[in-house]
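Participant: Sharing a structure below in structure tokens format, with a few things to ask.
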């Protein structure tokens, strides 16, 4: 998501033509899936990536011609044969990838619309025409073109993942930092003004101050978003859990041991809230994956990893144990 935000931001402020590389088709294996993008500006400056670093230099070289002629090019890399390791780009991925290189004028309408959608928390529907029998090709907002047509890649670029962190202690800082680095929209909520500062949480989209029993309402995490309770204070966790459990969140994490979580749930139920199986399925307590984490940074990594797996509907098992394709 950070790549997308950076690309859109640069296009909205650019003063000269850039070249946009978009991965539009994959057959077999590929480091990244369709929709990966790299923006190449003057002086070979680039934002984003298409592969793990093996194709970028070649694409930058090709982009010079696209910039000078103003004509798009479709580049195909075929790594399905062993000869590619010797005579080709040397990926060894055994796949065929197609990448559209297109010249992009400053402030294209689709980038302006995407920037507004990012500010408003909405998805952007895009269509990339990469094969059109002599007709125009390139990126635009999805509209009349039907998804699934040959030579057209359609994509819904999601709004930034929203994460609400309830608790502004020292262990919340690496969690917020990693989430911001991923391009997520982070809100931190806490009753203590001395802990809830921009210096402690740089890049946070919002800092919410208030009593513990009002924090959930004031932070107002949207449906489908992520939330984690980590105040380290039982009497603050209790009202937060009571108010967050009924919300249609994608993920709700609770820091602390299982015994503590069950005690909190018991008090919530005794207070009159019927805890449904659906609420239980959203609740991750103890929060995080079993990584053997100890330090605040490691704990933050385990929480972020579990959140990412939950959003993707994955079970977070090692990839070596996965029988299906990685991106399937």
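The values are calculated or read from the model by the stated rules, or taken from the named source; none is laboratory data. Small disclaimer: the values here were computed from a predicted structure and weren't measured. Every residue, glycine as well, gets a Cβ built from its backbone with ideal geometry; the counts of neighbours run over all protein chains shown.
Participant: Let me confirm something: among 173, 236, 242, which residue is over 27 Å from residue 120 (Cα atoms), in contact with a helix residue (DSSP H, G or I) (Cβ under 9 Å, 6 or more places away or on another chain), in a helix (DSSP H, G or I) and touching a residue at least 40 places away in the same chain (Cβ under 8 Å)? Working first, answer last.
Facilitator: Numbers: 173 fails: over 27 Å from residue 120 (Cα atoms); 242 fails: touching a residue at least 40 places away in the same chain (Cβ under 8 Å).
Exactly one residue qualifies, and that residue is 236.
Participant: Going through the range 209-227 one residue at a time, which ones are in contact (Cβ under 8 Å) with a residue 24 or more places away in the chain, crowded, with 16+ Cβ neighbours inside 10 Å and in contact with a strand residue (DSSP E or B) (Cβ under 8 Å, 6 or more places away or on another chain)?
Facilitator: Let us first name the residues in the range 209-227 that are in contact (Cβ under 8 Å) with a residue 24 or more places away in the chain, namely 212-213, 215-219, 221-227.
So of that shortlist, the ones also crowded, with 16+ Cβ neighbours inside 10 Å come out as 212, 215-216, 219, 221, 225-227.
215, 216, 219, 221, 225, 226, 227 - these are the residues of the range 209-227 that are in contact (Cβ under 8 Å) with a residue 24 or more places away in the chain, crowded, with 16+ Cβ neighbours inside 10 Å and in contact with a strand residue (DSSP E or B) (Cβ under 8 Å, 6 or more places away or on another chain).
Participant: Is it the case that the range 186-208 has a residue that's within 19 Å of residue 282 (Cβ to Cβ) and touching a residue at least 60 places away in the same chain (Cβ under 8 Å)?
Facilitator: Of the range 186-208, the ones within 19 Å of residue 282 (Cβ to Cβ) are 187, 189.
Now narrow it down to the ones that are touching a residue at least 60 places away in the same chain (Cβ under 8 Å): none.
Looking for residues that are within 19 Å of residue 282 (Cβ to Cβ) and touching a residue at least 60 places away in the same chain (Cβ under 8 Å), one finds none in the range 186-208, hence no.
Participant: Could you list, in sequence order, the residues of the range 254-278 that are over 20 Å from residue 196 (Cα atoms), crowded, with 19+ Cβ neighbours inside 10 Å and within 30 Å of the chain's Cα centre (by Cα)?
Facilitator: The one that is over 20 Å from residue 196 (Cα atoms), crowded, with 19+ Cβ neighbours inside 10 Å and within 30 Å of the chain's Cα centre (by Cα): 261.
Participant: What number of residues in the range 8-51 are touching a strand residue (DSSP E or B) at 6+ places or on another chain (Cβ under 9 Å) and under 22 Å from residue 69 (Cα atoms)?
Facilitator: Counting residues in the range 8-51 that are touching a strand residue (DSSP E or B) at 6+ places or on another chain (Cβ under 9 Å) and under 22 Å from residue 69 (Cα atoms) gives 20.
Participant: Can you find even one residue in the range 239-248 that is assigned by TED's automatic domain parsing to the domain that holds residue 297, under 25 Å from residue 301 (Cβ atoms) and surrounded by fewer than 23 Cβ atoms within 10 Å (Cβ to Cβ)?
Facilitator: We begin by selecting, within the range 239-248, every residue assigned by TED's automatic domain parsing to the domain that holds residue 297; these are 239-248.
Now drop any that are not under 25 Å from residue 301 (Cβ atoms), which leaves 240-241, 244.
Now drop any that are not surrounded by fewer than 23 Cβ atoms within 10 Å (Cβ to Cβ), which leaves none.
No, the range 239-248 contains no residue that is assigned by TED's automatic domain parsing to the domain that holds residue 297, under 25 Å from residue 301 (Cβ atoms) and surrounded by fewer than 23 Cβ atoms within 10 Å (Cβ to Cβ).
Participant: Sticking with this structure for a sec: Within the range 16-43, which residues are modelled with pLDDT under 90, more than 16 Å from residue 3 (Cβ to Cβ) and in a loop (DSSP other than H, G, I, E, B)?
Facilitator: Correct list: 29, 30.
Participant: Taking the range 288-324 on its own, how many of its residues are surrounded by 11 or more Cβ atoms within 10 Å (Cβ to Cβ), over 20 Å from the mean Cα position of the chain (by Cα) and in a loop (DSSP other than H, G, I, E, B)?
Facilitator: 3
Participant: Yes or no: the range 228-242 includes at least one residue that is more than 19 Å from residue 191 (Cα to Cα) and out of contact with any strand residue (DSSP E or B) (no Cβ under 8 Å at 6 or more places or on another chain).
Facilitator: Within the range 228-242, the subset more than 19 Å from residue 191 (Cα to Cα) is none.
Checking the range 228-242: not a single residue is more than 19 Å from residue 191 (Cα to Cα) and out of contact with any strand residue (DSSP E or B) (no Cβ under 8 Å at 6 or more places or on another chain).
Participant: Let me ask something else about it. Filter the range 248-284 down to the residues that are assigned to a loop (DSSP other than H, G, I, E, B) and over 18 Å from residue 225 (Cα atoms) and list them by number. Quick ask: steps written out before the conclusion?
Facilitator: In the first step, residues of the range 248-284 are kept if they are assigned to a loop (DSSP other than H, G, I, E, B); the result is 248-250, 255-257, 271-276.
256, 257, 271, 272, 273, 274, 275, 276 - these are the residues of the range 248-284 that are assigned to a loop (DSSP other than H, G, I, E, B) and over 18 Å from residue 225 (Cα atoms).
Participant: Mind checking which residues of the range 183-194 are assigned to a loop (DSSP other than H, G, I, E, B) and touching a strand residue (DSSP E or B) at 6+ places or on another chain (Cβ under 9 Å)?
Facilitator: From the range 183-194, those assigned to a loop (DSSP other than H, G, I, E, B) are 183-184, 191-194; that's our starting set.
Within the range 183-194, 184, 191, 192, 193 meet the criteria.
Participant: Is it true that residue 33 is more than 23 Å from the chain's Cα centre (by Cα) and surrounded by fewer than 20 Cβ atoms within 10 Å (Cβ to Cβ)?
Facilitator: Working: more than 23 Å from the chain's Cα centre (by Cα): no; surrounded by fewer than 20 Cβ atoms within 10 Å (Cβ to Cβ): yes.
So residue 33 fails the test.
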